[in-house]
């Protein structure tokens, strides 16, 4: 069982993405169910944002009372660039899937996809050290996933992508 997060409520959180992406996102329903199950006083809302409005919208989060948001593709690189501060993972990967609004209203970027990949309950039953893996794709999440797998001790990681050059570029960054 995953321990519930500590959130001093009430909190407003959301998911930022293209209108057509967040309209079909299951994140708001899943997060609302999790908050209810854990007794957390928080709201999680979809935030449909057009590309031209992204930076302004992200900079407006603090003023609107948001505590943070998740970020979907294709905005993960832009979110990392807009943030005032970044975690080491974001600095390594250049992508952020989470923005936290600090108490001073600044945006801190975090990358949690790789953590989720290697910390998932199913992954804990598999010892990745010395193993071999295949990563399908070289997009925004791929770099973070690759770093997490390498950090977990995988000995060989083959990267396959429709565009071989992108796979080679990702491998070179590792």
Q) If packing is taken as the mean number of other Cβ atoms within 10 Å per residue, what is the order of 150-157, 96-103, highest first? A) 96-103, 150-157
Q) Mind checking the angle between helix 140-151 and the chain's longest principal axis? C-alpha axes, 0 to 90 degrees, to the nearest 10. A) 60 degrees
Q.
Among DSSP bridges having both ends in the stretch 11-111, what percentage is antiparallel? Round to the nearest 5.
A. 35 percent
Q) Share of antiparallel DSSP beta bridges in the chain, in percent to the nearest 5? A) 25 percent
Q: Beyond 12 Å, what share of the Cα-Cα pairs of the stretch 114-173 is found? Please give it as a whole percent.
A: 64 percent
Q.
Nearest 10 degrees is fine. How inclined is helix 164-173 to the longest principal axis of the chain, computing both from alpha carbons?
A. 80 degrees
Q | Rounded Å value of the spacing that divides the Cα centres of the stretch 22-65 and the stretch 69-142 | A | 17 Å
**Q.** Span per principal axis, largest first, for the Cα atoms of the stretch 11-111 (Å)
**A.** 34, 30, 26
Q: Could you check what % of the DSSP bridge pairs in the stretch 67-111 are antiparallel, to the nearest 5?
A: 80 percent
Q: Go from 0 up to the bin containing the longest alpha carbon distance in the chain, width 10 Å each, and give me the % of pairs per bin.
A: 10, 33, 36, 19, 3
Q) Any idea what angle helix 27-38 forms with the longest principal axis of the chain, computed on alpha-carbon atoms, 0 to 90 degrees, nearest 10? A) 70 degrees
**Q.** Normalised convex hull volume, the stretch 62-136, alpha-carbon set, Å³ per residue
**A.** 123 Å³
Q: May I ask you to compute the full-extension gain from residue 85 to residue 52, defined as 0.36 nm times their residue separation minus their alpha-carbon distance, rounded to one decimal in nm?
A: 9.7 nm
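Throughout, read-outs are computed from the coordinates displayed, never taken from laboratory work. Just so you know, these numbers come straight off a predicted model, no measurement behind them. In this analysis, Cβ positions are derived from the backbone assuming ideal geometry, glycine residues included, and neighbour counts consider all displayed protein chains.
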